[in-house]
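Okay, structure first, notes after.
Coordinate-derived values only; no laboratory data. These numbers come from a predicted model, not from an experiment. Positions of Cβ are backbone-derived with ideal geometry, glycine not excepted, and every protein chain shown enters the neighbour counts.
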Amino acid sequence: MGMQMGSGGGSADPEVMIEMNMTPLIDVMLVLIIMLIITIPIQNHAINLNMPTGNPPPKTTEPVVVNIDVDFDGTVAWNGVTVNSAELDSKLQAVAAAPDQPEVHLRPVAVVPYKSVAAVMAAAQRLGVTKIGMVGNEQFLK
């Protein structure tokens, strides 16, 4: 990068320059970087969504809600009334057959075994209940 001056020792042969001239290499690299930056397409981090237009129609009626409670020993209650598995199946079948299905809110207690809750959910799915949800999940936070 620098210029080597003669030592002034009186020799007639010039000394060999050992350093490579880096200026052309740096110029070529800068041109290549600029060309790369220019040719890279602009990244759009957008997601196209089909959003509804206009105002939604107001709800005319409140949805009917059915509460299913599952107790710690696996006892199932339908709107506060204890039912066995056959009665639960018939009530879930009636819910599934309704033209406007009521919302089914499943509320297990914190210490209930998972198999009891899974049995109720499997019965609802098997019988065609589509509007089912877990309620009271904040009790499971630690």
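The list [x] 67; [y] 74; [z] 54 gives values of percent of Cα pairs over 18 Å apart, and only one came from this structure; which label was calculated from it? Recomputing percent of Cα pairs over 18 Å apart here picks out [y]. The packing ranking of peptides 62-75, 44-57, highest mean first, is 62-75, 44-57, where packing means the average number of other beta carbon atoms within 10 angstrom of each residue. Here the dipole of segment 65-140 is about 180 debye; that uses its Cα centre as origin and unit charges on the Cβ of Lys and Arg (positive) and Asp and Glu (negative).
In percent, rounded to a whole number, the relative contact order of segment 65-140 is 37, using alpha-carbon pairs under 8 Å and six or more apart. Across the chain, the mean sequence separation of Cα contacts (distance under 8 Å, 6 or more residues apart), normalised by length, yields a relative contact order of 19 percent. Return the distance in nm (one decimal) between the two label points of a simple spin-label model at Ile18 and Leu30, each offset 7 Å from Cα along Cα→Cβ. Spacing of the two 7 Å Cα→Cβ label points: 2.9 nm. In the frame of its principal axes, segment 65-140 has Cα extents of 35, 25, 21 Å, reported largest first.
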